[in-house]
Structures are given as structure tokens and as C-alpha cells.
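Written out below as C-alpha cells is the structure these notes cover.
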Ligand SMILES: [Zn+2]
């Protein structure tokens, strides 16, 4: 029991302090999804190789590639379309942050970085958290280049790991 508590605290600390570091290694087609449920709040962090979201990792070279990155960032800014709590839980998005990895001008020449990651942070607040039986995910549908999502769910029952592959399915929380 004591071990379990320590593990939860350790994972929570990593999650809170450095979500990017908590994620696994950079691997094309794979993303990490961390979901922490505490009382009526769900904190979610999604991160992974940009390739899994848009199909390439270089700085956009034309309008079509620029549009593809902008579209992915826009999708990640609307978590209610990607991670859907049950309607009876009455959840609202209270935070949605997704950063365009190419928002800053390139340093050290074009494509100086061989790999690029995309990440998003979301928070939901739910009026009836007891109804949070699961989350309906649409990430594989939204990002067809994604082949795998490694999920860690943290709540008062301790951490649970899920390895997801297409098609999208309900992620149990209970
Ligand atoms: Zn890469």
C-alpha cells in the first residue's frame, strides 16, 4: 500500500513538473496521453512526434504543409472533439493549450532540428464526476498517422497504463 502511494506521488510530481519529460521516447506514429482525475477536474496532456499528427516533421515548405500544421494545432485546441466525457458527467473545457512548434523562426538554419514534437494540455471540470465512467477518444480518427497511444490514467485508484491502437474506443476510467 505504501509503495502504491509513493508511486502515485512520484508520477503525479513528474506529471505536474515536466509533462514533456514524463513522456516516452520520440517515436514516429506514437503519442503519450496522460490523464489525471482529481475530484471534479480532469487534467490531460497529449504529446508525441509531430509526424504522427501531420505526416512530416520538417518546417513547412509550402502552403499545404503550413495548413496541415495549423489544422493539427487547431484540432488540439478543441479537446472536446478529441476526448469526450460522458454527457451525464456534465464536463466543460476549462483549459486548452496547443503550441505551434514552428511559431518561432528557425534558429541555426532551416530544419536545424531533426525531430519535432507536438503537445497539448487540456483541463475539464465536471459537475457530476461520479458519472465519469470513461472517455470516448477520437484521436486516431482525427490523426490517421497515429498508430499507437500510450495512456497513463492517474486517479485515487493509482496509475493505470493502457496501450491503444486504432480504431478509437472508450477509455475506461472506472
Ligand atoms: Zn521525429
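Every number here is computed from the coordinates shown, using simple stated rules; none is lab data. Since the model is a prediction, treat every value here as computed from it, not as a measurement.
Normalised by the number of residues in segment 112-166, what is the relative contact order in percent for Cα pairs under 8 Å and 6+ residues apart?
Numbers: 29 pairs, mean separation 12.7, N = 55.
Once divided by the residue count of segment 112-166, the mean separation gives 23 percent.
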Chain lengthening between residue 64 and residue 26 when straightened (0.36 nm per residue, less Cα-Cα): 11.2 nm
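From Cα pairs below 8 angstrom and at least 6 apart in sequence, can you work out the relative contact order of segment 29-148, rounded to a whole percent?
On the way: 221 pairs, mean separation 45.8, N = 120.
Once divided by the residue count of segment 29-148, the mean separation gives 38 percent.
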Cα centroid separation - segment 45-59 against segment 79-130, whole Å: 13
All Cα pairs of segment 64-174, percent lying beyond 26 Å: 28
